[in-house]
Amino acid sequence: MEESSFVRERHGHGRRRDLEGFTRGLSGVLEHALDAEALAAGGGLLQGIDPRIKLLALLALIVSAVLTRSLVSLALLFALALALALASRVGLARLAGQVWLGVLLFSGVIALPALVMVPGEALVQLPLLHWTVTLQGLRSAAFLLGRAEVCATFALLLILTTPWPHVLKALRAVGVPLVVVAILGLTHRYLFVLLQSALQSFEARRSRTLGPMDSAQRRRAIAGGAGALLGKAYQLSGEVHLAMVSRGYRGEVHLLDDFRTRPRDWLLLLAALAVPALLLWSGR
Amino acid sequence: MSADYAFELHDVGYAYPQVSALDGLSMRVPYGQRIALLGANGSGKSTLLRLLDALYFAQRGEIRAFGTPLSEAAMQEEAVNFAFRRRVGLVFQNPDVQLFNPTVFDELAFGPLQLGWPKGLIRERVAAMLERFSIAPLKDRAPHRLSGGEKKRVALAAVLIVEPEVLLLDEPTAALDPQSQGEVIRFLVEGRESGRTVITATHDLDMVEAIADRVFVLADGRLAAEGTPAEILRDHALLHACQLNHSHWQVQAEEEGHVHHQLDR
């Protein structure tokens, strides 16, 4: 606390955000991950579904979002995603922060030019630039953004309501090749190793940063730190893999929990499969 | 070479890019013996343990485990791999590296699951190990949130759950508080009756007599000496040459007239 005020006095709000903000961001990611684990292990509609069935059902809904040619159907799918989230105790604020905002920013960059580049019926002319937004352009952008938001929401619902090892086991159960599942499993593990290394490394740097740094020094410090961090994380990741191999790991996912499929699981799968079937049948 | 030894090494060499770790190392580890690998940092102890656990493979010379050559090709075979992993367990120096499961319970179950044990048996064994290592209250906790001593106990339990015939320990008391160090040493001393082959890499001279029947001293990737703990610990000149004692020992040794000064030069 005292250190923060000291830095603020010396360098102002903007300058202290580099290392301190980055460190806080890394802690936030780790806390988010722990929250997600707790959420997946808790109670809720999707948490109680056999992970294999849940994977297939949510995949069917994602396929539906990709297949549909109607904005109304897309909106209904989005509403379904919201209902599933609420029934599974996944807060809308979490979805907004973790999915909707990010997807809007990334997909928005791609979708925005479509507003003025797709020829069609003119809707409005942008001031200063004199570019014309077309109805067809607006539809294209809405489809792109809508599909991305709906697909990402269903995907995040799977991750937030299923412990990660169960997701991996479900992927194997539905025929995803061993090498893909092993890569996903190790990537997830190494991501945490990288985050923890990053956190420790930036905390250590913070504790040794006494005097003011100009922007070039700060950039050098961050670039140097990132390089050293990657080297350290690479070494640690190798160690984690050796520790896994030492205890018999050969890429396959083995869990103590057996998946059990109950009638309601089949019901959910049937309902989810009915959505793309209905869309295909109705041509929408 | 005979099958009376858990491990036999003949002229083993291993190097990392630009750094030689082991060079011409030959040694034998009889079944049931408790071995201490003494050596300063960088002497090759950790590399040797990884070679013995078939995580690395000798670039020169030969290692035989339980009478048969230990090679990368042999370990690719599932049956050989399973049999070896069942018989040999390694506890890493850094428990954070070794504890990668979401809960302590999952951590203990990981090894038996990989080895295809029946699930009922796994649950029984996990429950027994949780009690034996006094970590039952931690079973639902995330391993990375435990204290250093708790992590070390979980790491030990996670390896010992498959009851390996050979236990390899890399600096088991490093970075632990005195009480946790005492717990680990007590465990190693009490394990004397189990008949298990235990190879402990350490540079902590205080624990050697308690945990080992025989000591191998490594220096610069080579075997510098071999003997009983008493023989090795008496040889202050050797310990000094291998950077295993500090000036206090040196002064004491000089007073006792044990130091061969030509070794110091």
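Quick note: the coordinates plus some simple rules give every number you see, no bench work behind them. The shown structure was predicted, so the numbers you read here are calculated from the model rather than taken from an experiment. Reconstructed Cβ throughout: ideal geometry from the backbone, glycine too, with neighbour counts over all protein chains shown.
Take every DSSP beta bridge whose two residues both sit in the protein assembly as shown, then give the antiparallel share in percent to the nearest 5. Once the DSSP bridges in the protein assembly as shown are tallied, antiparallel ones form about 55 percent. Computed 3J(HN,Hα) for segment A:52-67, one whole-Hz value per residue from the Karplus formula 6.51 cos²θ - 1.76 cosθ + 1.60 where θ = phi - 60°, is 5, 5, 4, 4, 5, 5, 5, 5, 4, 5, 5, 4, 4, 5, 6, 6, glycine and proline marked x. Shape class for chain B: oblate, because the ratio a/c of the largest to smallest gyration tensor axis (alpha-carbon atoms, square roots of eigenvalues) is 1.5 or more and b/c is at least a/b. Per residue of B:109-116, other chain Cβ atoms within 10 Å of the residue Cβ number 5 on average. Using a Gaussian network model of chain A in which every pair of alpha carbons under 10 angstrom is joined by a spring, one finds that among A:T209, A:T261, A:T68 the greatest mean-square fluctuation is at A:T209.
Looking at the calculated P(r) for chain A, what percent of the C-alpha pair distances fall above 36 Å? Of all Cα-Cα distances in chain A, 35 percent exceed 36 Å. Think of the protein assembly as shown as a dipole: +1 on every Lys or Arg Cβ, -1 on every Asp or Glu Cβ, centred on the Cα centre; then among B:M129, A:V118, B:A142, A:V118 lies furthest on the positive end. Phi angles of segment A:138-147 translate, via the Karplus equation with coefficients 6.51, -1.76, 1.60 and θ = phi - 60°, into HN-Hα couplings of 5, 5, 4, 5, 5, 4, 4, 5, x, 4 Hz per residue; Gly and Pro are given as x.
Each Lys and Arg contributes +1 and each Asp and Glu -1, all at the Cβ; summed about the Cα centre of chain B, the dipole is approximately 840 debye. Here the relative contact order of chain B, from alpha carbon pairs under 8 Å that lie six or more residues apart, stands at 25 percent.
Compared with the dominant principal axis of the Cα atoms in chain B, helix B:178-190 is inclined by about 80°.
The C-alpha atoms of chain B define a longest principal axis, and helix B:78-87 lies at about 70 degrees to it.
Among B:S46, A:S64, B:S71, a tally of other beta-carbon atoms within 10 Å of each Cβ gives an order, fewest to most, of B:S71, B:S46, A:S64. Distant-in-sequence amide contacts of A:R89, defined by a placed amide H-H separation under 5 Å and a gap of 5 or more residues or a different chain, comprise A:L45.
Fewest neighbouring Cβ atoms within 10 Å first, the residues A:L269, A:L230, A:L186 line up as A:L230, A:L186, A:L269.
Legend: distances between Cα atoms for A:K232/B:K151; A:K54/B:K151; A:K54/B:K139; B:K45/B:K152; A:K169/B:K119; A:K232/B:K139; pairs beyond 25 Å are A:K54/B:K151; A:K54/B:K139; A:K232/B:K139. By how many degrees, between 0 and 90 and to the nearest 10, does the Cα long axis of helix B:104-114 differ from the longest principal axis of chain B? Once rounded, the angle reads 90 degrees. Rounded to the nearest 5, the antiparallel percentage of DSSP beta bridges internal to chain B is 55%.
Each of B:Y56, B:Y31, A:Y249 was scored by other Cβ atoms within 10 Å of its Cβ. Arranged with the fewest first, they read B:Y31, B:Y56, A:Y249. What the phi angles of segment B:168-176 give under the Karplus curve with 6.51, -1.76 and 1.60, with θ = phi - 60°, is a coupling list of 10, 10, 9, 6, x, 10, 5, 6, 9 Hz, glycine and proline written as x.
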